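In what follows, a structure is listed as structure tokens, so that the remarks can point back to it.
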Amino acid sequence: MQFCPSIYEHAARVIGKSPWEVSRDVELLSQAHIEAYRLYQHRPIVVGVDIYNLEAEAYGAVVGIVAGNAIPAISEYPCLSVKKLLSLEPFDPKTAGRIPMVIEAAQRVSEKCPDADVRVPLSGPFSLAANLVGFEGLLCEIHINPDLVAKSLRHLVAGQVEFCREVVRHGLDIAFFESAATPPLLSPQNFRQIELGALKEIMQKTAAIVGHPVPCIMGGDTLPILNGILQTGTGYVCCPVKTNQQKFMEKMLERPEVTVRINMDARAITSKNFEDIEKEVDRVLALADNKPNVCIGTGCLPFEAEPEVVLKTKKYILSKNDY
């Protein structure tokens, strides 16, 4: 069983820098993910810190400066309404925002870690729309004019596809993240009627570009929309802590070709109580039950997680492979 923690802002902790510092500097971003990989040997390496902000910032969103070890967040949205999304021209991934910097950092990581699975994060259409107009405004528009929201999500697909082409042009791979679209944030019915069409389109087009099915990472209570997620053709999903993990894994027995990352509750790792970690690992291993194409993850590994504890967790997981 592989241990596959999701490392974004935690990479900054590994090199003793703040998430803000690392998120804005190509040298620090690459160094942080290189050192994190050397420490944990995790797969995949997703090069980024505030991974959902990249495209919105490229479209004009403002990511406000944050103090201490807080995660950078959008402070000003570039669009006042969903209708404005329809007038957006795709950003140029060669020049817009931090996109070129992240691609360059990913290239550096790939060069220094040739055996690693290095990926650039791309936002799904709903998550991107939420970061362009604000989540509350987007939810209001869903109730007022759902057809307009669905049309706007499809409009955003072209820009993400071009972003993917630029990533692949640099010899890199991608992973999709779309947690804003999961229940209870978005109802299962709205997911199917408003989001799924755009998500399927973007997943299928990017899979054609990279030459294989791409991951579709969604947190939250994903069991009610799992059938829709699998309809996208994805080859990798996560089984989040906030869903019914037992039923989720039972459902995945029908799709053994799709890799599943079963997430531990990261609070066990930050508790620093190793008995809590052992119990959580054992719980997740029971869910895995020797199924093919399954690994253990953490969701987003918190910045404050101590590397020594993460390594101890990995050692315990690997020790179970002997049984």
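The values are calculated or read from the model by the stated rules, or taken from the named source; none is laboratory data. All figures in this text were calculated on a predicted structure; none of them were measured in a lab. Here Cβ is always computed from backbone atoms with ideal geometry, including for glycine, and neighbour counts include all displayed protein chains.
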Going through segment 179-211 one residue at a time, which ones are in contact with a Pro (Cβ under 7 Å, 6 or more places away or on another chain) and either on the phi > 0 side of the Ramachandran plot or modelled with pLDDT under 95 (or both)? Pro183
Given the criteria part of a helix (DSSP H, G or I), of a type outside the set (D, E, K, R), within 21 Å of Gly60 (Cβ to Cβ) and in contact (Cβ under 8 Å) with a residue 12 or more places away in the chain, does Leu128 qualify? yes
Determine if segment 189-210 includes at least one residue that is assigned to a loop (DSSP other than H, G, I, E, B), touching a helix residue (DSSP H, G or I) at 6+ places or on another chain (Cβ under 9 Å) and aliphatic (A, V, I, L, M). no
Ile71 vs. criteria in contact with a strand residue (DSSP E or B) (Cβ under 6 Å, 6 or more places away or on another chain), part of a loop (DSSP other than H, G, I, E, B) and among the hydrophobic types (A, V, I, L, M, F, W, C): no
Just to verify a result, which residue in segment 247-302, among those that are of a type in the set (Asp, Glu) and assigned to a helix (DSSP H, G or I), is surrounded by the most Cβ atoms within 10 Å (Cβ to Cβ)? Glu280
Taking Ala198 and the conditions (1) surrounded by fewer than 22 Cβ atoms within 10 Å (Cβ to Cβ); (2) more than 14 Å from Thr222 (Cα to Cα), which numbered condition does it fall short on, given that it satisfies the others? (1)
For Cys300, indicate whether it is touching a strand residue (DSSP E or B) at 6+ places or on another chain (Cβ under 8 Å) and within 20 Å of Gly16 (Cα to Cα). yes
Does Ala208 fit the bill of being among the hydrophobic types (A, V, I, L, M, F, W, C), free of Cβ contacts under 8 Å to residues at least 24 places away in the same chain and out of contact with any Asp or Glu (no Cβ under 9 Å at 6 or more places or on another chain)? yes
Filter segment 285-323 down to the residues that are under 21 Å from Lys242 (Cβ atoms) and hydroxyl-bearing (Ser, Thr, Tyr), then identify the one that is modelled with the highest pLDDT. Thr313
State which residue is surrounded by the most Cβ atoms within 10 Å (Cβ to Cβ) when the search covers only segment 104-121 and only residues that are in contact (Cβ under 8 Å) with a residue 40 or more places away in the chain and more than 19 Å from Cys4 (Cβ to Cβ). Ala105
